[in-house]
Amino acid sequence: MAHQTGSKRRVSVSEIAQLAGVGSSAVSNWRKRHADFPLPLAGNSVDLFELTEVTDWLSLHGKDVAPLDEHETLRRLWNSWIDGARSRDTGSPGHAALLFLQALFLREYRDRTSAALPLPESLWQRIVGSSEAHVRAAWDAAAVVASQNSSALHRALAVPAHVTGIELREAVQVVALAQIDPIRLPATVTSLLRDLAANNARFGPDAGTPAGIAELLIRLLEPIGGTVMDPAAGFGLALGQIAEHAAHRSDVRLLGQEINEVSWKLGVLHLNFYGSFVDIADGDSLRYDHFRGVLADRIILHPPLGVRFDANENLFDPRWQFGTTKTADWMWAQHLVHHLGERGRGIMVMAPGALAGSGRNADIRRGLLDADLIDAVIELPPGLLPGTAISVVLVIFARDRAARAGEVLFVDGRKLGLNRRGQLNEIADAEIARIADVVMAWHEGRNHEEPQFSATASVDEIRQHGAELRPQRFIRYGGQSTQVNRHVVLSDVRVLADSVASSLREIESSSPSIAEVNQLLQISWPADSRTLRIADLLRERPVTGTRHDPAGEHDAVPWIATGEVTGGAGVLTDVPEAFTRGRIKGRLARRGDLLLASRGIDRSARARCAKIDVPQEVAFSESLMLLSVNTDLIEPDYLRLVLTSSSGYEALAAATTGTTIGNLRADVLEEIEIAVPDMKTQRHVVAWFGRLEQASRDLQVAAQSSERFLAGLRDAVADGYLGITA
């Protein structure tokens, strides 16, 4: 993977980090602390090191050396370049990504053109060897050759005038570091652009369809062949995924249109990596239909959701067969069906709000239903799109519906998906297959109905409900009482009754008596009680929790969510089931430490502090603050009781900053003073409070068991298996 020149193979700091299995910051520390660390090679704008010198040094210092992975190294270079965008005149992440992708395209184009050049060197090597004053001229010459058959590609390769020769040469030097597997490169570029869309809110949820949703869209459109169109192409992510799926098909033609200039250029470059027949036009598809008159076999459409639209600009456009409206959702739907061929099928991403309501939107829905163009409606869970928490709706349109005329399939997938902390939620491969199987069964005339998941409804029934298309309107959610075994139901109810009785016995055995509580209240405080600052009671300064960091110290560590502290018991005894995803950087909590809610502190919180009683180190949410208690001075549980008291609430509220969200300030927290009795008294108080807290938890368990018992009785009555006699 390392770049090779002559007899020397060179590696960057990020590649050294990959070799050693550490973060880039660790490599920077080695360079400062170890005088024998290899020196960078001269003559490069980016620090590069000879590979053999680096591996020898790593071995000498007892550090394992891992093989360099081309895909991962390219991703590291990309992330480093994008992260530094704001410190360069390239400005936004989008412009930085474009410059990187332009250089990458020219680099990979060189081998296909060098044989036809009259020059002894390839165009790319001329760019790499150019000075800051001449690099733009070499770049422009290469761009002319690389785009000689495509005016769109020529525009996409043009470098903006504000980019300086220094920045252009820096981009070239960064891209020159990677030795790339050309077979994997197109899919890698798709992955990099997908990350760009997901991690930069300025592009919104419409710059690129996430991989899971794109995979589902493609599965629902199979078989894919002929002309495939994406009227809101973004970075070309969906079309790129189709190009990868249809790599063996010679009849696939990809068409797209994109309104954003930077996104359009990224999309043109991206899809040209695949070498597919592709035509990506620029401009607004609704206002200027570049592919007027083109009929597509398949259409995949993820437009901007819920935006306003002024149809007066092209009021008499033949696309608006079913009317116009002030929101664009159903205008996009009409654009899609207008371009469908005789046997064409298209799928569109919508917001749930577009499926219901009255007025012009309802009129357009009725028109599409009467024309028998709506084939299926699928609702997916929330959190799948970047920049928004709304759920996702997929609407399938089709021309050839003879076997399914007058009916629409509905699928409710809101309970599907994998919730991922701090990242987009995912829909699993098995869930994609489940939805695709239902739609395929529907198309093939096989059984496709599943209670609480899928059902069909007639167009007449849908019209009776105001042309509403929400799946939950037509899917049956009731239980199947005829399939319930009477003995099983009654057995379950008896088990619930035993659970209630057991919980009540636990309360009776664990609850202190009134006399014991009075004894606790009669504790006399010793005369030598002290008032100490919290800072005096800690081993270290308070720190907030973990943050995702590609160069962090830890990976896959058990992780405590904020809710486990703010809404749970005062002591955490079980190893968390959740784990950190990706590398994390921050403090790890150990047995005896306290975790304190550091954000959103208010007096209504049930519990805002918990003691760690877990046998191993755990990571914790960045909304929590770690207090490492000096157990020679104070019992952790005693400090927890003080901080969760009324006076503790008042003190913590005064230690926050911010208006809408209170953020606990460590420096103010350290100055809070509390009364600290001797250790014997502390342990006495903690022991009694522990019994009281356990009794309270037992009472909650009993209440939950009672609720389940009552729910079981209700179900038994509803199913006709339980009679009550006077």
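The values are calculated or read from the model by the stated rules, or taken from the named source; none is laboratory data. Just so we're clear, the structure is a prediction, and the values are computed from it rather than from any experiment. Reconstructed Cβ throughout: ideal geometry from the backbone, glycine too, with neighbour counts over all protein chains shown.
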Of residues in the stretch 148-198 being basic (Lys, Arg) and surrounded by 21 or more Cβ atoms within 10 Å (Cβ to Cβ), the one modelled with the highest pLDDT: Arg169
Subset of the stretch 326-385 that is of a type in the set (Asp, Glu) and surrounded by 17 or more Cβ atoms within 10 Å (Cβ to Cβ) - its residue that is farthest from His448 (Cα to Cα): Asp329
Test: residue in the stretch 363-383 that is of a type in the set (Val, Ile, Thr), at pLDDT below 95, under 18 Å from the mean Cα position of the chain (by Cα) and not in a strand (DSSP E or B): no
Pair list, Cβ < 8 Å and 6+ apart or interchain, from the stretch 449-477 residues that are assigned by TED's automatic domain parsing to the domain that holds Val411 to residues that are hydroxyl-bearing (Ser, Thr, Tyr) and in a loop (DSSP other than H, G, I, E, B): Pro451/Tyr477; Gln452/Tyr477; Gly466/Ser358
Residue list for the stretch 339-357, filter: closer than 23 Å to Pro223 by Cβ and touching a Leu at 6+ places or on another chain (Cβ under 9 Å): His339, Leu340, Gly341, Glu342, Gly344, Arg345, Gly346, Ile347, Met348, Val349
Failed item in (1) in a strand (DSSP E or B); (2) of a type in the set (D, E, K, R); (3) over 30 Å from Met440 (Cβ atoms), with Asp289 passing the rest: (1)
Residue that is at pLDDT below 85, under 30 Å from Gly21 (Cβ atoms) and charged (D, E, K, R), where the choices are Asp492, Asp555, Asp574: Asp555
Criterion violated by Lys32 - all others in (1) modelled with pLDDT under 80; (2) more than 26 Å from Ala103 (Cβ to Cβ); (3) surrounded by fewer than 13 Cβ atoms within 10 Å (Cβ to Cβ) satisfied: (1)
Residues within the stretch 619-642 that are assigned to a helix (DSSP H, G or I) and either over 36 Å from the mean Cα position of the chain (by Cα) or closer than 14 Å to Ala535 by Cα (or both), tallied: 6
Flag for His465 being modelled with pLDDT under 90 and surrounded by fewer than 19 Cβ atoms within 10 Å (Cβ to Cβ): yes
Search result, residues across the stretch 271-316 that are farther than 27 Å from His245 by Cα and at pLDDT below 85: Gly306, Val307, Arg308, Phe309, Asp310, Ala311, Asn312, Glu313, Asn314, Leu315, Phe316
Flag if Ile601 is part of a loop (DSSP other than H, G, I, E, B), of a type outside the set (S, T, N, Q), modelled with pLDDT of 85 or more and buried (at least 17 other Cβ atoms within 10 Å of the Cβ): no
Residue selected from the stretch 229-259 under the condition aliphatic (A, V, I, L, M) and buried (at least 24 other Cβ atoms within 10 Å of the Cβ), by the criterion farthest from Leu305 (Cα to Cα): Ala243
Top-ranked residue of the stretch 399-451 - restricted to ones that are in a strand (DSSP E or B), of a type in the set (Asp, Glu) and out of contact with any Gly (no Cβ under 8 Å at 6 or more places or on another chain), ranked as modelled with the lowest pLDDT: Glu450
Qualifying residue in the stretch 117-126 (condition: modelled with pLDDT of 85 or more, in the same structural domain as Trp78 (by TED's automatic domain parsing), crowded, with 16+ Cβ neighbours inside 10 Å and not in a loop (DSSP other than H, G, I, E, B)): no
